[in-house]
Amino acid sequence: MTKIQKNYWIDIVLLLSGLICVLSGYILDFRLISREWIGFYKNLHSISAYLMTIAMILHFIFHWNWMLQVSRQLLGKKSPAVSAVRTQTDKLP
C-alpha cells in the first residue's frame, strides 16, 4: 500500500468514526431514541471514539516529520531543508 493510499484510508476512518461519534453523542445527549436503543448507541459511541483515537494516533505518526518542519518554520527555527531552499532562492535576481 502506498503512502497516499494509507493517508486516504486513515482520513476516511477518521471522518466516518468522527461523524458516528458526534451523531451518536447528539442522539444520546438529546435523548432522541427510546430506552431500548440506549445501550446500542452507547456502544456505538464508545467503539467509534476508540476507532477515531487509533486513527488519529496513526495520522500523527505518519505526519510527524511534516508537523516538525512546519513548526520549525512557524517558530523561526530553520531546518536544513528549509535553509537550503531559502539559500537558493535568495540568490535569484
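The values are calculated or read from the model by the stated rules, or taken from the named source; none is laboratory data. A quick note: this is a predicted structure, and the numbers were derived from the prediction, not measured. Backbone-built Cβ (ideal geometry, glycine too); neighbour counts: all protein chains shown. In case anyone asks, the SASA skips ligands and DNA or RNA and just uses the protein heavy atoms, side chains included. Shrake-Rupley method; radii C 1.70, N 1.55, O 1.52, S 1.80 Å.
Any residue that is assigned to a helix (DSSP H, G or I) and basic (Lys, Arg) - is there at least one of those in segment 23-32?
Scanning segment 23-32 turns up no residue that is assigned to a helix (DSSP H, G or I) and basic (Lys, Arg).
Does GLY25 count as farther than 19 Å from TRP64 by Cβ, modelled with pLDDT of 95 or more and exposed (fewer than 12 other Cβ atoms within 10 Å of the Cβ)?
No; evaluated as a whole, the condition is false for this residue.
Kindly indicate whether ASP11 is touching a residue at least 12 places away in the same chain (Cβ under 8 Å) and open to solvent by 60 Å² or more (accessible area, probe 1.4 Å).
yes
Taking GLY39 and the conditions (1) within 18 Å of the chain's Cα centre (by Cα); (2) modelled with pLDDT of 95 or more; (3) of a type outside the set (S, T, N, Q), which numbered condition does it fall short on, given that it satisfies the others?
Condition (1) is where GLY39 drops out.
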